[in-house]
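Asks: Please see the structure below; I have some questions.
The values are calculated or read from the model by the stated rules, or taken from the named source; none is laboratory data. For clarity, every value in this text was computed on a predicted model and none was experimentally measured. FYI the Cβ positions are ideal-geometry reconstructions off the backbone, even for glycines, and counts take in every protein chain you see. The protein model used for the area step is the full one, side chains on, heavy atoms only, and it has no ligands, DNA or RNA in it. Shrake-Rupley method; radii C 1.70, N 1.55, O 1.52, S 1.80 Å.
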Amino acid sequence: MIQSLNVDEHVGKRLRLRRNTLGLSQEAVAKAVGITFQQVQKYEKGANAMNANRLYAFAQFMRVPVAFFFDGLEHPATSNLTESAGFAEEGEKFAHGQKSVSERESLELMKAFKRIKEQVVRKRISDLVRAIAEHRTIIE
């Protein structure tokens, strides 16, 4: 049986990840879905479980499928839920292949990328990063 607290924590971490990726405050997200920012905090910490209607409202507002909030969540028979979530607390590392990458580094990189206004430049950077990642995978 899946422990609901771990699922709530995972969904909350994914909510926080998406909110930060979009550069939104807890208050802005709360206002958009008609709740208090304190409730958003509780969801992000996994202290409160959200119902299907609320999860759907977050998905609609943040322009992601509902499944986004469950990405990386595996059945506990195959792995520990908190490890399979693929997210670490602030300052900790999470596994990406055999390397460790901080969640903060990833978010900073995404935010910087979003500030690039020229579509052609963003495309070239994206292609470059993809090529580097593919090359590294091939030679490892």
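Asks: Quick check on Gly91: is it open to solvent by 40 Å² or more (accessible area, probe 1.4 Å) and at pLDDT below 90?
Replies: Here the answer is yes, as Gly91 does meet what is asked.
Asks: When the residues of region 38-47 are filtered to those that are modelled with pLDDT of 95 or more and more than 17 Å from the chain's Cα centre (by Cα), which remaining residue is surrounded by the most Cβ atoms within 10 Å (Cβ to Cβ)?
Replies: Gln39
Asks: In region 1-31, how many residues are more than 24 Å from Ser106 (Cβ to Cβ), open to solvent by 40 Å² or more (accessible area, probe 1.4 Å) and at pLDDT 95 or above?
Replies: Summing the residues that are more than 24 Å from Ser106 (Cβ to Cβ), open to solvent by 40 Å² or more (accessible area, probe 1.4 Å) and at pLDDT 95 or above in region 1-31 gives 1.
Asks: Further, regarding this structure: Of everything in region 50-62 that's open to solvent by 50 Å² or more (accessible area, probe 1.4 Å) and within 17 Å of the chain's Cα centre (by Cα), which residue is farthest from Gly23 (Cα to Cα)?
Replies: Per the criteria, the residue is Tyr56.
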